Amino acid sequence: MKALQCVELGMPDKLEVNEIPDPELQSGHVMIENKAASVNFPDVLMIQGLYQFQPELPFSPGGESAGTIVEVGDGVENFKVGDRVVAMLGLGAFAEKVVAHENAVMKIPDSMDFETAAALPMTYGTSLYALKQRASLKEGETLLVLGAAGGVGLATVELGKAMGAKVIAAASTQEKVDMCIKHGADEGFVYPSGDLTRDQQKELSTKIKDLTGGAGANVIYDPVGSGYSEPALRAIAWEGRYLVIGFAAGDIPRIPLNLTLLKGCQIVGVFWGAWTGLDPAGNVANFEEIFKLHVDGKIAPEVSDKFTLDNASDAIAHLQNRKAKGKVIIQI
Ligand SMILES: NC(=O)c1ccc[n+]([C@@H]2O[C@H](COP(=O)([O-])OP(=O)(O)OC[C@H]3O[C@@H](n4cnc5c(N)ncnc54)[C@H](OP(=O)(O)O)[C@@H]3O)[C@@H](O)[C@H]2O)c1
């Protein structure tokens with residue numbers, strides 16, 4: 001089969017498309033013929049050796065895909081050949097076929113196409129877990145989303161709206177903000193790119209306070225990190241919840257702890273991948289909710305760009321270069 005392979009760590013241009021043997025089916029697993037896969041920020045990190053877990057070389061990147069089951073291993077009870085599924089793989093998705101444990105696979109609704117299904121797991125899975133289980137977001141609360149036009153950001157905008165929050169989207173261009181408004185954000189604003197100066201940080205805090213009538217945001221969703229986090233935290237509401245999602249801007253910020261005391265707020269870590277292993281039933285229940293929201297027309301993942309397996313390295317570069325709006329898909 002054809003697969004994108006990382007044979008040496010580095011930038012996307014080091015990746016190769018190679019013919020490799022089909023993966024071997026094991027008991028408890030299913031073989032899926034992939035139709036679509038999607039790119040996530042961990043792919044950018046993993047090919048450079050910068051992610052929190054690092055596979056041995058060579059490996060195929062790609063955390064999630066959707067397709068049709070073509071073979072079922074011994075002991076598999078819940079799936080049969082022909083089932084249309086989405087798989088949460090961690091790696092190996094940028095290939096024509098994958099083998100996945102049945103616990104990492106979910107049937108998709110008949111009305112859902114493969115590209116939409118491939119766009120869902122990591123972004124909507126992370127964001128629903130963050131808003132529901134970690135922040136207990138309530139109807140009527142204000143939710144500020146940083147990096148709101150990115151993969152997890154846009155999923156959060158839609159889910160926050162579906163949960164009845166007032167959603168404020170923050171992103172680096174007006175085009176990105178407009179897309180968030182199209183996906184349900186109530187308000188949006190543009191923040192500067194690059195290293196934020198002290199004045200730009202103050203402006204960011206002031207903007208959030210202005211948009212929340214001085215009260216601050218009840219929940220802040222932060223997949224960006226770096227110089228954006230502290231000014232956002234300074235504009236959190238009393239008893240607010242600050243969700244630490246990731247550090248797409250590169251630096252892991254150090255936060256003065258007194259801010260949590262002054263705001264009576266919580267800084268809440270979110271690690272969706274770890275939670276799916278600790279509470280698989282909770283994760284399946286969340287996905288039933290996500291699929292229902294899609295069937296009911298309350299969420300609609302934005303697929304901004306499509307690539308093929310032959311130019312899948314460009315898809316990863318697209319995300320790395322901050323060009324992606326919503327999800328980047330690889331058609332297989
Ligand atoms: N905690 C978890 O369980 C979990 C799960 C999934 C993902 N994550 C993390 O969440 C973060 C976002 O993932 P994603 O897949 O949504 O990525 P993405 O689609 O690339 O979105 C990231 C956003 O961050 C902003 N950004 C700011 N500075 C950037 C820079 N220097 N380079 C690239 N983007 C920059 C960009 O928005 P603007 O241009 O508008 O600023 C971009 O839209 C990553 O750190 C990822 O590891 C965490």
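The values are calculated or read from the model by the stated rules, or taken from the named source; none is laboratory data. Predicted model only: the values in this text are computed from it and were never measured. Note that each Cβ is placed from the backbone with ideal geometry, even for glycine, and that neighbours are counted across all protein chains shown.
Of all the criteria given as (1) in contact with a Leu (Cβ under 8 Å, 6 or more places away or on another chain); (2) not assigned by TED's automatic domain parsing to the domain that holds Thr173, the one not satisfied by Thr308 is (1). Of all residues in the range 172-195, those being within 14 Å of the ligand (Cβ to nearest atom) and under 14 Å from Ala235 (Cβ atoms) number 2.
Taking each residue of the range 58-70 that is among the polar types (S, T, N, Q) and looking for partners that are crowded, with 22+ Cβ neighbours inside 10 Å and outside any strand (DSSP E or B) with beta-carbon atoms closer than 6 Å, six or more apart or interchain, yields Ser60/Gly92; Ser60/Phe94; Ser65/Ala93; Ser65/Ala118. Look through the range 293-329, keep the residues that are in a helix (DSSP H, G or I) and not hydrophobic (A, V, I, L, M, F, W, C), and return whichever of them is nearest to Phe114 (Cα to Cα). In this case the residue turns out to be His294. Residue by residue through the range 78-114, note down the ones that are within 25 Å of Pro58 (Cβ to Cβ) and basic (Lys, Arg). Residue satisfying the conditions is Lys97 alone.
How about the range 196-241: which of its residues are of a type in the set (Lys, Arg) and either within 11 Å of the ligand (Cβ to nearest atom) or touching a Ser or Thr at 6+ places or on another chain (Cβ under 8 Å) (or both)? Listed by number, the residues that qualify are Arg234, Arg241.
Listed by first and then second residue, the pairs with beta-carbon distance under 7 Å, at least 6 apart or on different chains, first residue in the range 138-152 and in the same structural domain as Ala235 (by TED's automatic domain parsing) and more than 7 Å from the ligand (Cβ to nearest atom), second assigned to a loop (DSSP other than H, G, I, E, B) and modelled with pLDDT under 95, form an empty list.
Restricting the first member to the range 71-89 and to residues that are outside the structural domain of Asp43 (by TED's automatic domain parsing) and at pLDDT 95 or above, and the second to residues that are surrounded by fewer than 17 Cβ atoms within 10 Å (Cβ to Cβ) and not aliphatic (A, V, I, L, M), no beta-carbon pair is closer than 9 Å while six or more apart or on different chains. Number of residues in the range 275-332 that are away from the ligand (no atom under 16 Å from the Cβ), in contact (Cβ under 8 Å) with a residue 12 or more places away in the chain and charged (D, E, K, R) equals 3. For the range 266-285, enumerate the residues that are buried (at least 21 other Cβ atoms within 10 Å of the Cβ), within 30 Å of Ala235 (Cβ to Cβ) and not aromatic (Phe, Trp, Tyr). Residue satisfying the conditions is Val270 alone. Do you know which residues across the range 50-75 are out of contact with any strand residue (DSSP E or B) (no Cβ under 6 Å at 6 or more places or on another chain) and of a type in the set (A, V, I, L, M)? Across the range 50-75, the qualifying residues are Leu50, Leu57. Of all the listed residues (Ser38, Ser65, Ser60), the sole one being surrounded by 13 or more Cβ atoms within 10 Å (Cβ to Cβ), of a type in the set (S, T, N, Q) and over 23 Å from Ala155 (Cα atoms) is Ser60.
Any residue in the range 231-242 that is over 26 Å from Pro256 (Cβ atoms) and surrounded by 22 or more Cβ atoms within 10 Å (Cβ to Cβ)? So far as the range 231-242 goes, no, none of its residues is over 26 Å from Pro256 (Cβ atoms) and surrounded by 22 or more Cβ atoms within 10 Å (Cβ to Cβ). Has the range 147-159 got at least one residue that is of a type outside the set (Ser, Thr, Tyr), touching a strand residue (DSSP E or B) at 6+ places or on another chain (Cβ under 6 Å) and surrounded by fewer than 22 Cβ atoms within 10 Å (Cβ to Cβ)? Looking for residues that are of a type outside the set (Ser, Thr, Tyr), touching a strand residue (DSSP E or B) at 6+ places or on another chain (Cβ under 6 Å) and surrounded by fewer than 22 Cβ atoms within 10 Å (Cβ to Cβ), one finds none in the range 147-159, hence no.
Among Ala165, Ala95, which is over 18 Å from Phe41 (Cβ atoms), free of Cβ contacts under 8 Å to residues at least 60 places away in the same chain and among the aliphatic types (A, V, I, L, M)?
Unique residue meeting the criteria: Ala165.
Step by step: first the residues of the range 2-35, then only those that are of a type in the set (A, V, I, L, M) and in contact with a Leu (Cβ under 7 Å, 6 or more places away or on another chain), then the one that is surrounded by the most Cβ atoms within 10 Å (Cβ to Cβ). Which residue is that? It comes out as Leu4. In the condition set (1) under 27 Å from Ile316 (Cα atoms); (2) touching a residue at least 40 places away in the same chain (Cβ under 8 Å), Phe189 is compliant with all but (2).
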